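What follows draws every value from the coordinates through simple rules; no lab data is involved. Small disclaimer: the values here were computed from a predicted structure and weren't measured. Note that we place each Cβ from the backbone using ideal geometry, even for glycine, and neighbour counts take in every protein chain shown.
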Amino acid sequence: MARNQIGTGVTVTGLEIDNKNDTNQIVIRNLTKNFGELCAVNQMNLSVGNEIFGILGPNGSGKTTTVLMLTTLLDPTSGTAEICGYDIHKDPRKVRESISYVPQDLAVDVRLTGRENVRMFAELYGVKNSREKTDEVLKILELSDRADEFAKVYSGGMRRRLELAQALVHNPKVLFLDEPTVGLDVAARQKIWEHIQTLRNAGMSIFVTTHYMDEADRYCDRVAIMDKGVIKAVDTPDTLKGMISHDVVTITISGTFSGISVPGVRFVKNEDDELIFFAERGDSALPLIKDALAEQGLRVIAMSVRRPSLDDVFLHLVENSEDTSPLNFRAFRSIIRRN
Ligand SMILES: Nc1ncnc2c1ncn2[C@@H]1O[C@H](COP(=O)(O)OP(=O)(O)O)[C@@H](O)[C@H]1O
Ligand SMILES: [Mg+2]
């Protein structure tokens, strides 16, 4: 039995995944999906190993379409992928044996108990010692105490953990999670990510989609930033943030902003009376920006300087691409705020 020590100090027993030494469990080559005129996923190329790999992008950017193709549930228009060495076209059955997929929508049967939900999956997958395996995954997901209650009384976070338990029951090497923390409160989100980290530490390759920049930053080993079907950048969150050498200056004003000219400062956007600038030196730029705004008769209500976040990286990458749509970005921000 494997024992895996994770960063939070939790010791987990019972998980044993034999792909520790394999490098890339997911290799994606020119994967493309068109829906009529719309290109939902455009020539995607990625390799993913034993890591938490995040696909980060706003709603409609093509994350779910990508996952559906990789899990053999949707045929690509062109291109292909190998999962654990099996081609999604040639060996879909082998691919499905090697993976688990937790879709975005809740999929537990609320009329069954937690234990029955997991046991059903174990039977469906033909797991040999299904009773023991069910107990084991319930324990890993910290559901043993409540396992005999109906899933309908579970909280959102518990249902998500139950889905993870279902997904783990046949020892998959690769786990696909589509927006695993949507709709959960902060504590439940953190717990889900801790479990995902445990699975990564146990040797699993985790392919997870999210539109939460902060969660991707904190929990993903590497992140692919996706917009309108195109991967804009792939790297560790720190390296991506390092792409932006400048500071981010946020200024709340009252009045109508019509542009300023300050050396070393670039205006990025104006949203709800909040102006965002990128500045080479945030501290020294603040008073200059304030003066320039005062010259226009604008009153500054609040000012702040910070280092770039993944949010800013997204803005930087999307802003620098050909098709800039401020409306899309506004919608994206409101999604982040709402959640
Ligand atoms: N079955 C479908 N038929 C037509 N268009 C679709 C279909 N599924 C997704 N799309 C479109 O493809 C784009 C990507 O969708 P999706 O992969 O669900 O994005 P995300 O998961 O990032 O929110 C969207 O514009 C969406 O409307
Ligand atoms: Mg989606």
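Which entries of Lys33/Lys232; Lys152/Lys228; Lys133/Lys173; Lys152/Lys173; Lys152/Lys191; Lys63/Lys191 show an alpha-carbon separation above 26 angstrom in the structure shown? Long pairs (Cα-Cα over 26 Å): Lys152/Lys228; Lys152/Lys173.
If you plug the beta carbon distance of Val110 and Gln43 into 1/(1 + (r/R0)^6) with R0 = 25 Å, you get a FRET efficiency near 0.05. Angle of helix 310-319 to the longest C-alpha principal axis of the chain, folded into 0 to 90 degrees and rounded to 10: 70°. Peptides 64-72, 267-275 ranked from most to least packed give 64-72, 267-275, packing being the mean of other C-beta atoms within 10 angstrom over each peptide's residues. Karplus-derived 3J(HN,Hα) values for segment 84-97, using 6.51 cos²θ - 1.76 cosθ + 1.60 with θ = phi - 60°, are 6, x, 9, 6, 5, 7, 7, 10, x, 5, 5, 4, 5, 5 Hz; glycine and proline are entered as x.
Amide H contacts of Asn50 (H built 1.01 Å from N, in plane; Pro and chain starts excluded): Gln25 sit under 5 Å, all sequence-distant by 5 or more or on other chains. For the chain, the residue among Val234, Phe150, Ser258 whose Cα projects farthest onto the positive side of the dipole built from Cβ charges is Phe150. Using the rule -39500 (n - 2.57) for each DSSP H run of four or more residues, divided by the residues of the chain, the 222 nm mean residue ellipticity is -10000 deg cm²/dmol. Annotation: amide H-H contacts under 5 Å for Leu74 (H modelled 1.01 Å from N, sequence separation of 5 or more, or interchain): Met69.
Shown for Asp105, Asp291: other C-beta atoms within 10 Å of each C-beta, ranked fewest to most, produce the order Asp105, Asp291. For segment 98-165 and segment 214-245, write down the distance between their C-alpha centroids in whole Å. About 32 Å separates the Cα centre of segment 98-165 from the one of segment 214-245. Counting only Cβ charges, +1 for Lys and Arg and -1 for Asp and Glu, the dipole size of the chain around its Cα centre is about 520 debye.
Placing +1 on each Lys and Arg Cβ and -1 on each Asp and Glu Cβ, with no other charges, gives segment 194-329 a dipole about its Cα centre of roughly 180 debye. Residue exposure proxy: Ile231, Ile244, Ile99, ordered by other Cβ atoms within 10 angstrom of their Cβ from fewest to most, comes out as Ile244, Ile231, Ile99. Couplings 3J(HN,Hα) for segment 145-159, derived from phi with the Karplus relation 6.51 cos²θ - 1.76 cosθ + 1.60 (θ = phi - 60°), are 5, 10, 5, 9, 8, 5, 4, 5, 8, 6, 6, x, x, 5, 5 Hz, where x marks Gly and Pro.
Using θ = phi - 60° in the Karplus curve 6.51 cos²θ - 1.76 cosθ + 1.60, the 3J(HN,Hα) couplings for segment 248-254 round to 10, 10, 10, 10, 9, 10, 10 Hz; x is entered for Gly and Pro.
Counting neighbouring Cβ atoms within 10 Å and putting the fewest first, the residues Leu168, Leu293 line up as Leu293, Leu168. Sorted largest first, the spans of the alpha carbon positions of the chain along the three principal axes are 75, 44, 36 Å. Which residue, chosen from Ile192, Val41, Thr134, occupies the Cα position most advanced towards the positive end of the dipole of segment 3-240, where the dipole is computed from +1 (Lys, Arg) and -1 (Asp, Glu) charges on Cβ about the Cα centre? Comparing the listed Cα positions along the dipole, Thr134 ranks first.
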